[in-house]
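Student: Got a structure for you, written out below as structure tokens; questions coming shortly.
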Amino acid sequence: MTKLNQQHSLLKIKLLNFRSYKEVELSLCNKHVVLCGPNGSGKTNFLEAISLLMPGKGLRSSKKEHFPYIEDHDQSIHNDWAIHYTLKRGENVHEISTGVQSLTTNTKSSRRYKFDGNFLKSKDISQLISMNWITPTMHNIINGSESLRRNFFDRMISALNPSHKNRLNKLEKLSRERTKLLEKNIKDESWFSIVEQEISQLSIAIIVERQNFTAKLDEFMASPNSSFFPKVRIIWSGMVEEWLNGKPAIYAEEKMGAYLEKERLDRSFSICGPSNSVLKIWFGDFGKPSELCSTGQQKSILVSIVLAYSKLLKNKKEFSPILLLDEATAHLDEEQFQAFFDESLINSSQIWMTGTDKYIFKKLEKSANLQYFVINDSNVTQLVDL
């Protein structure tokens with residue numbers, strides 16, 4: 001039987017030609033790490049490198065062409081870049097690497113993973129690693145666009161279930177192909193019938209997965225451990241969600257198939273489904289929609305969601321997550337940050353934090369041992385004594 005809730009943490013990380021780092025290596029002696037330094041020194045770049053241990057675009061959702069190191073003196077770009085991790089996973093230590101190696105400067109190469117010397121698919125890596133993060137820009141998720149909210153939740157779901165991401169990609173491809181044929185006025189009833197049935201099945205599966213995920217988050221957020229963080233409710237709404245209300249998935253699939261056929265025959269290119277779902281977040285203590293909350297309340301909502309997701313990762317995956325906190329105190333005051341850190345210690349294997357002032361982390365040492373590094377112009381040195 002698999003032992004649940006084991007710890008996994010980084011023992012070493014080495015960056016080669018990544019972002020602002022030509023080459024840097026950190027060896028760790030304590031589990032929890034503080035990276036401090038002035039704004040623009042390279043702290044977030046380093047945290048982003050850690051986040052790429054997980055498949056995807058990392059904590060900044062960056063395009064892959066932004067990852068290579070650029071020489072300052074001539075602005076030349078190193079197309080090849082790599083990150084090497086030494087990861088302690090339970091009682092075992094593993095060597096993991098990711099990056100891009102191109103044969104020529106014109107070659108477009110995808111990012112690959114190696115695990116203990118063997119190439120591994122990204123979906124397999126995602127099953128071995130558990131990670132969560134919070135950044136200053138994530139505040140926009142609470143009061144930003146619907147697409148931003150959907151993408152945020154889809155990323156969390158995909159980390160737990162890689163097939164969710166596969167369904168999203170396949171749905172996008174089929175929807176794009178259908179739209180192109182409609183624009184060209186091509187009439188192929190048999191093709192449209194097959195594709196619209198598949199679009200319906202994928203859409204319902206995606207929406208059901210979203211609803212199941214947020215229901216699990218709601219369970220954790222209904223009774224927060226700390227009074228600093230509010231109860232939060234998350235509700236999906238939309239045409240398909242209405243079809244699913246109290247009805248089996250097959251009913252919603254048939255309704256959506258009929259809808260797509262009618263829209264096509266009416267020469268309308270509109271489409272319902274996951275890309276039209278509306279996500280409402282409620283500040284539970286006051287029954288207030290998040291967009292009407294104060295900035296402080298919105299930040300508390302975000303922290304509540306991140307904490308609940310860490311609990312869910314711990315509950316569902318073999319290992320408690322590694323937690324990355326960029327500009328850790330940007331969202332919270334001193335008391336809230338201490339409560340957030342203490343709560344995170346319960347549900348995380350390792351915590352990485354960045355900040356401009358190293359002394360703001362001093363009080364956290366009553367809860368855990370911290371290892372400090374100073375970053376200045378992408379040069380990293382260990383700080384022995386505050």
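Student: Could you check segment 22-63 and list, in sequence order, the residues that are under 16 Å from the mean Cα position of the chain (by Cα), farther than 20 Å from Ile141 by Cβ and among the charged types (D, E, K, R)?
Tutor: Matches in segment 22-63: none.
Student: Another question, then. Test Glu334 against the criterion of being acidic (Asp, Glu) and surrounded by fewer than 18 Cβ atoms within 10 Å (Cβ to Cβ), and give yes or no.
Tutor: Criteria met by Glu334.
Student: Still on this structure, I have one more. Of the residues Ile206, Ile281, Ile250, which is of a type in the set (A, V, I, L, M, F, W, C), in a helix (DSSP H, G or I), more than 24 Å from Ile346 (Cα to Cα) and touching a residue at least 12 places away in the same chain (Cβ under 8 Å)?
Tutor: Going through Ile206, Ile281, Ile250 in turn, just one is of a type in the set (A, V, I, L, M, F, W, C), in a helix (DSSP H, G or I), more than 24 Å from Ile346 (Cα to Cα) and touching a residue at least 12 places away in the same chain (Cβ under 8 Å): Ile206.
This table checks each residue for (1) of a type in the set (Gly, Ala, Ser); (2) modelled with pLDDT under 95; (3) not in a helix (DSSP H, G or I).
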{"site": "Glu177", "(1), (2), (3)": "no, yes, no"}
{"site": "Lys180", "(1), (2), (3)": "no, yes, no"}
{"site": "Ile186", "(1), (2), (3)": "no, yes, yes"}
{"site": "Phe192", "(1), (2), (3)": "no, yes, no"}
{"site": "Ile199", "(1), (2), (3)": "no, no, no"}
{"site": "Leu202", "(1), (2), (3)": "no, no, no"}
{"site": "Ser226", "(1), (2), (3)": "yes, yes, yes"}
{"site": "Val240", "(1), (2), (3)": "no, no, no"}
{"site": "Trp243", "(1), (2), (3)": "no, no, no"}
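Student: In this structure, is Gln350 out of contact with any strand residue (DSSP E or B) (no Cβ under 8 Å at 6 or more places or on another chain) and either among the polar types (S, T, N, Q) or surrounded by 22 or more Cβ atoms within 10 Å (Cβ to Cβ) (or both)?
Tutor: It is false that Gln350 is out of contact with any strand residue (DSSP E or B) (no Cβ under 8 Å at 6 or more places or on another chain) and either among the polar types (S, T, N, Q) or surrounded by 22 or more Cβ atoms within 10 Å (Cβ to Cβ) (or both).
Student: What about Lys255, is it basic (Lys, Arg) and surrounded by 12 or more Cβ atoms within 10 Å (Cβ to Cβ)?
Tutor: So Lys255 fits the description; yes.
Student: Here is a follow-up. Name the pairs: first residue in segment 158-172 and more than 16 Å from Gln201 (Cβ to Cβ), second residue of a type in the set (Ser, Thr, Tyr) and assigned to a helix (DSSP H, G or I), Cβ to Cβ under 6 Å, at least 6 apart or on different chains?
Tutor: If the second residue must be of a type in the set (Ser, Thr, Tyr) and assigned to a helix (DSSP H, G or I), the pairs left are Pro162/Ser126; Lys165/Ser158.
Student: Within segment 295-331, how many residues are at negative phi, outside any helix (DSSP H, G or I) and not basic (Lys, Arg)?
Tutor: Keep residues of segment 295-331 that are at negative phi, which gives 295-326, 328-331.
Now drop any that are not outside any helix (DSSP H, G or I), which leaves 317-326, 331.
Then keep just the ones that are not basic (Lys, Arg); that gives 318-326, 331.
So the count comes out to 10.
Student: So, one more: Checking Asp377 against (1) touching a residue at least 60 places away in the same chain (Cβ under 8 Å); (2) surrounded by 13 or more Cβ atoms within 10 Å (Cβ to Cβ), which test does it fail?
Tutor: Here Asp377 meets the rest and fails (2).
The values are calculated or read from the model by the stated rules, or taken from the named source; none is laboratory data. All values reported here derive from a predicted model rather than from experimental measurement. Cβ: placed from backbone, ideal geometry, glycine included. Neighbour counts: every protein chain shown.
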